[in-house]
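As structure tokens, the structure follows; a few thoughts come after it.
The values are calculated or read from the model by the stated rules, or taken from the named source; none is laboratory data. Everything numeric in this text was worked out from a predicted model, so none of it was measured. Virtual Cβ from ideal backbone geometry, glycine too; neighbours counted across all protein chains shown. Remember, those area values only see protein heavy atoms, side chains included, never the ligands or the DNA or RNA. Shrake-Rupley method; radii C 1.70, N 1.55, O 1.52, S 1.80 Å.
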Amino acid sequence: FICIDEFSVTPLQILLSFNKKSYSDDDSDKEEPLIGMITKAIGMVLIDIEEAPLQIKTPLLGNTFDRYGGIVDKLKKHYTSELKRQILPMIGSIGILGSPVQLFHRISNGVQDFFDKPTQGFLQSDLAGFQGILAGAGSLIGNTVAGTFNSVNKVTGSLANGFSQLSLDEDYLRQRQKTRTQKPKDAINGIGQGVTSIVKGFSRGLTGLITKPIEGASKKGFKGFIKGSYQGISGLVIKPVTGVLDATSQTAEGIKNTACLLYTSPSPRDRQKSRMPSSA
């Protein structure tokens, strides 16, 4: 038996982000069946979680007298229960749903600033109070804009990731993945990247109609020609639509970053994104 007078473990606070790359080198030689292609596309849409706030409470084992196995069972039960409690925050951070947890967090911060900043200001002076009104209103507007366009960015970005998988075009997926690593630092940069995505989407769709069957036939004969024909024909729709979705996502992210820089105190993640190079 083990006697525990006091058991202290620091509570865990985790920001969980998880997403799957649209293309990896391991996929280059794989022949993807139709059902596998559709499943992968759905997975790309659903398995896109960013900054899910997980909070694991400390287990209460004070004044405990039990066998070793009994204590282990209590710890397992506690942490299993805590992990189940994190399901809703994880669902609320899924990109295709617009990351409602982040939206609520930003808007609630703006509302709190809207009331707190003027109150704190008027406790000092009338001038500080009026400055607090402006600061609070700016925070509310900025956080609302940032939260809203962040949701637009997540929804359209997740749709683009999933839809692009249906092209079965490894070169296109590799190039798109490389382009998407360049994050827009502001609204103007986001619009510029968006226009580029639309142009590339239409141009790749048109040129692929001719080049993909030829490339497939030269590499794998008749079987490659069939796959290349599918890539070319489907690319006429998939690549332009993905380009428009990417453009919407990039523009929304640029507007969000501008709102964060002008009106709110950006998170460390926002600051890191805004400093990333913007040229493709």
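Annotations
- Count - residues of region 99-126 that are open to solvent by less than 40 Å² (accessible area, probe 1.4 Å), closer than 10 Å to A137 by Cα and either touching a Gly at 6+ places or on another chain (Cβ under 6 Å) or free of Cβ contacts under 8 Å to residues at least 60 places away in the same chain (or both): 1
- Residue, most open to solvent (accessible area, probe 1.4 Å), within region 207-247, restricted to residues that are within 21 Å of the chain's Cα centre (by Cα) and without any contact (Cβ under 8 Å) to a residue 60 or more places away in the chain: V244
- Considering V237, V241, V195, the condition of being in a helix (DSSP H, G or I), within 13 Å of D169 (Cβ to Cβ) and at pLDDT 90 or above is satisfied by V237 alone.
- Applying the set (1) assigned to a helix (DSSP H, G or I); (2) out of contact with any Asp or Glu (no Cβ under 8 Å at 6 or more places or on another chain) to S139 leaves exactly one unmet item: (2).
- Complete set of residues in region 47-69 that are surrounded by 13 or more Cβ atoms within 10 Å (Cβ to Cβ), more than 31 Å from the chain's Cα centre (by Cα) and at pLDDT 80 or above: P59
- Exclusive hit being without any contact (Cβ under 8 Å) to a residue 60 or more places away in the chain, open to solvent by 50 Å² or more (accessible area, probe 1.4 Å) and of a type in the set (D, E, K, R), set R204, R174: R204
- When the residues of region 70-97 are filtered to those that are within 22 Å of V155 (Cβ to Cβ) and assigned to a helix (DSSP H, G or I), the one that is most open to solvent (accessible area, probe 1.4 Å) is L88.
- Assessment of region 112-131 against the conditions (closer than 24 Å to E50 by Cβ, out of contact with any strand residue (DSSP E or B) (no Cβ under 7 Å at 6 or more places or on another chain) and in a helix (DSSP H, G or I)) yields at least one matching residue.
- Enumeration of residues in region 129-166 that are free of Cβ contacts under 8 Å to residues at least 60 places away in the same chain, over 21 Å from G254 (Cβ atoms) and either open to solvent by less than 20 Å² (accessible area, probe 1.4 Å) or of a type in the set (S, T, Y) (or both): G129, G132, G136
- Matching option when the condition is part of a helix (DSSP H, G or I) and in contact with a strand residue (DSSP E or B) (Cβ under 7 Å, 6 or more places away or on another chain), among S158, S218: S158
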